[in-house]
1. Please get the size of the charge dipole for region 1-100, origin at its Cα centre, with Cβ charges of +1 on Lys and Arg and -1 on Asp and Glu, quoted in debye to the nearest 20.
2. Considering only C-alpha atoms, what is the centroid distance from region 324-362 to region 105-129, in Å?
3. Between ILE334 and residues 5 or more places away or on another chain, which pairs have amide H atoms under 5 Å apart, with H built 1.01 Å from N, and which residues are they?
4. Non-local amide H neighbours of ASP264 (under 5 Å, H modeled in plane, Pro and chain starts lacking H): which ones?
5. Is it possible to state the helix-based mean residue ellipticity at 222 nm for the chain, with each DSSP H run of 4+ residues giving -39500 (n - 2.57), the sum divided by total residues, to the nearest 500 deg cm²/dmol? What is it?
6. Along the charge dipole of the chain, pointing to its positive end and built from +1/-1 on Cβ of Lys, Arg, Asp and Glu, which listed residue (TRP34, ALA80, LEU234) has its Cα farthest out?
7. When Rg is the radius of gyration of the Cα atoms in region 297-336 and Rh is its Kirkwood radius, what does Rg/Rh come to?
8. If I build a Gaussian network model for the chain, linking alpha-carbon pairs within less than 10 angstrom, which residue out of LEU203, LEU43, LEU114 has the largest mean-square fluctuation?
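Bear in mind these aren't lab numbers, they're just calculated from the coordinates by the rules spelled out. Owing to the predicted nature of the structure, the values given are computational and were not obtained by experimental measurement. Glycine gets a Cβ as well: all are built from the backbone with ideal geometry, and neighbour counts include every protein chain shown.
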Amino acid sequence: ILLNHILPRNFPPLKNSTFLKAAWGEVTDHVPVWCMRQAGRYLPEFRETRASQEFFQTCKTPEVCCELTLQPLRRFQFDAAIIFSDILVIPQALGMEVNMVPEKGPSFPEPLKLPKDLLKLRKDVDVPVDLRYVFQAITLTRHKLEGKVPLIGFTGAPWTLMTYMIEGGGSKTMSKAKRWLYQYPEGSHKLLKILTDVIVDYLVGQVAAGAQALQVFESHAGHLGREQFREFALPYIRQIALQVKKKLKEFSLDQVPMIVFAKDGHYALEDLSESGYEVVGLDWTIQPKVAREKLGKNVTLQGNMDPCALYAPKDKIGETVKKMIEEFGTQRYIANLGHGLYPDMDPEHVGAFVEAVHSHSRQMNKN
Ligand code: CP3
């Protein structure tokens with residue numbers, strides 16, 4: 001049923017597989033690099049393309065998603081593309097209204113208040129139909145990329161999506177969502193389970209549509225401690241990796257590397273290294289050497305320059321990058337920032353970051 005809606009496609013052959021090699025733990029001649037939010041408002045061409053349409057309307061227009069995904073690749077030698085979309089398309093598919101308020105961020109007019117509100121969520125979510133627009137964007141982008149670099153698909157992790165559905169938007173404390181964990185643990189697990197099931201089909205659909213790697217964003221891990229993470233986040237994160245791999249096999253689809261990024265989840269790094277993901281993403285608050293120690297040899301690390309380091313002069317960016325690669329080492333490593341790019345960043349400095357990763361890592365590999 002899942003794949004009926006997704007047509008077979010003959011994609012152009014991949015010309016730069018450095019990112020995929022690093023993700024799978026194979027040897028690379030340079031460190032691959034991409035940036036979270038590389039398709040974003042720091043690019044004038046992004047602002048121009050986005051200006052004419054509401055945010056989620058943009059997400060629902062495959063041609064525009066494709067264009068926005070390709071824009072950063074025309075400027076910089078990124079080793080991967082990430083599809084333009086948003087994690088909040090899942091709450092929408094579950095029947096919730098979500099608005100993107102300019103200058104403010106996402107807003108849910110009717111957030112979940114009590115466990116009985118779970119009854120209002122759609123029970124009959126048909127992922128290939130309801131999220132078809134994302135799959136169409138992925139397929140189109142895979143063609144338009146012409147094999148230049150691999151295409152990453154993504155999702156929010158269950159806990160992070162739960163926080164948005166209960167808080168109704170951003171929050172400093174996450175106290176409404178965390179109240180659920182303490183007051184309604186059963187209701188919380190019910191919601192996390194509903195999200196996990198949709199996410200699994202969503203990720204498998206993305207691979208069927210052409211995604212060559214998948215990233216799971218647990219952006220709000222920092223609000224949980226070790227115990228709560230183990231109860232309310234980790235089991236679902238594991239379940240997603242396990243089920244996605246199982247279903248890809250069932251559908252005779254090639255396996256793709258999976259990345260888990262639990263922002264501010266220091267306490268969870270050992271757990272994450274054994275959670276079924278090939279790559280663990282890191283925010284900038286963890287030292288590369290400490291992360292390597294905690295995570296062991298069987299995962300690739302991704303990250304983790306402070307995004308704000310891009311405000312520094314270009315030569316300083318080069319120094320920071322060099323130090324970062326020296327600490328991570330050039331293998332089993334994908335360079336990235338510790339979180340997304342901000343709208344006021346200078347595109348030239350992003351270019352300097354990418355160049356520095358390539359040149360320093362090539363140099364180090366020669367020595
Ligand atoms: O380039 C890329 O990284 C791909 C596209 C992408 C977007 N959102 C586009 C977007 C990705 C991977 C996301 C993921 C996402 N969305 C996350 C996880 C990553 C993270 O930041 O921790 C989260 C938490 C969201 C929810 C979300 N979407 C918020 C909180 C906001 C507002 C914040 C802001 O920067 O204004 C968005 C809007 C959004 N999603 C924008 C973009 C480019 C900016 C709004 C716009 O283009 O008008």
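1. 140 debye
2. 38 Å
3. Sorted by chain and number, the residues that satisfy this are LEU301, GLN302, GLY303.
4. ASP283
5. Theoretical 222 nm ellipticity from helices: -14000 deg cm²/dmol.
6. Of TRP34, ALA80, LEU234, it is LEU234.
7. Rg/Rh: 1.02.
8. Comparing LEU203, LEU43, LEU114 in the GNM, the peak value goes to LEU114.
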